[in-house]
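Participant: Below is a structure I'd like to ask you about.
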Amino acid sequence: MLVNDKGDILCKSYQLSNGNPIQDTIEMFENLRKQVEAQNAKLEVLGVGTTGYAKDILKDVLKADVALVETVAHTESALKFYEDPHVIVDVGGQDIKLIVLHNGRVKDFKLTLNAPPATGTSCNLRQRVSGLKVEDYADMAFSAQAMPVFGYGCAVFMQSDIVNFQRQGWRAGRFSRG
């Protein structure tokens, strides 16, 4: 995300990891540069912050100003861009983080780590909901009128539920909501 000196979002770039955080970052900066130049402007980077599993490597490579833990970055962003946020859900490649807020403060935090095949995480969801853009996932899920009920607690059983729901004809929106 590219912000101006007031913190307003100017443009964004998102891509799934290709396993090389340095190359991924180069590609994202290139995408941001193209977006800026398309507006007849010039990109001048005044500061950089990193987050995620590669935050420390990227901080060193980019000589970034700060490396923040994802949960802190998500919480700070939610508080800046939304009025009184209550829940933040981070569906990562290998885990899911749930941050519950009350009056702008963290009230509760849950972390679900899934060993491969990472059933409830984005790695597996991308495989199961083909053709759905990550950016559209939440909108599709929240617009669904019905949803399947998953057997929580075990990645193996959840994987079985996913396969069974697909066989039963659950569509992407409803499946996403579940």
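Where a number appears in this text, it was derived from the coordinates with a stated rule and is not lab data. No experiment lies behind these values; they were computed from the predicted model shown. A quick note on method: Cβ atoms are made from the backbone with ideal geometry, for glycine too, and the neighbour counts reach across all protein chains shown.
Participant: Could you go through the range 99-106 in sequence order and give the Karplus-derived ³J(HN,Hα) for each residue, using 6.51 cos²θ - 1.76 cosθ + 1.60 with θ = phi - 60°, rounded to whole Hz, and x for Gly and Pro?
Facilitator: Working through the residues one at a time gives 10, 9, 10, 9, 6, x, 10, 5 Hz.
Participant: Just grab the label-to-label distance for Asp60 and Lys110, each label 7 Å out from Cα along the Cβ direction, in nm (one decimal).
Facilitator: Using points 7 Å along Cα→Cβ, the separation is 3.6 nm.
Participant: Under the rule of at least 5 residues apart or a separate chain, name every residue whose amide H is placed under 5 Å from the amide H of Leu101.
Facilitator: Under 5 Å from the amide H of Leu101 lie the amide H atoms of Val87, Ile88, Lys107, each far enough along the sequence or on another chain.
Participant: Another question, then. Please enumerate, by chain and number, the lysines with C-alpha under 28 Å from the C-alpha of Lys34, excluding those fewer than 8 residues away in the same chain.
Facilitator: Answer for Lys34, where 28 Å is the Cα cut-off: Lys6, Lys12, Lys42, Lys55, Lys59, Lys63, Lys80, Lys133, listed by chain and number.
Participant: Using the Cα atoms of the range 35-113 to build a convex hull, what is its mean projected area in square nanometres?
Facilitator: 7.0
Participant: Related question: Amide H to amide H under 5 Å from Ala144: which residues, 5+ apart in sequence or cross-chain, H placed 1.01 Å off N in plane?
Facilitator: none
Participant: If you don't mind, another one. How large is ³J(HN,Hα), in whole Hz, for each residue of the range 47-62 in order, when computed from phi with the Karplus curve 6.51 cos²θ - 1.76 cosθ + 1.60 and θ = phi - 60°, using x for Gly and Pro?
Facilitator: Calculated HN-Hα couplings, in order: x, 9, x, 10, 8, x, 5, 9, 4, 6, 4, 5, 4, 5, 5, 8 Hz.
Participant: Beyond 15 Å, what share of the Cα-Cα pairs of the range 21-67 remains, rounded to the nearest whole percent?
Facilitator: 48
Participant: Which whole-number percent gives the relative contact order of the range 1-70, counting Cα pairs below 8 Å spaced six or more residues apart?
Facilitator: 21
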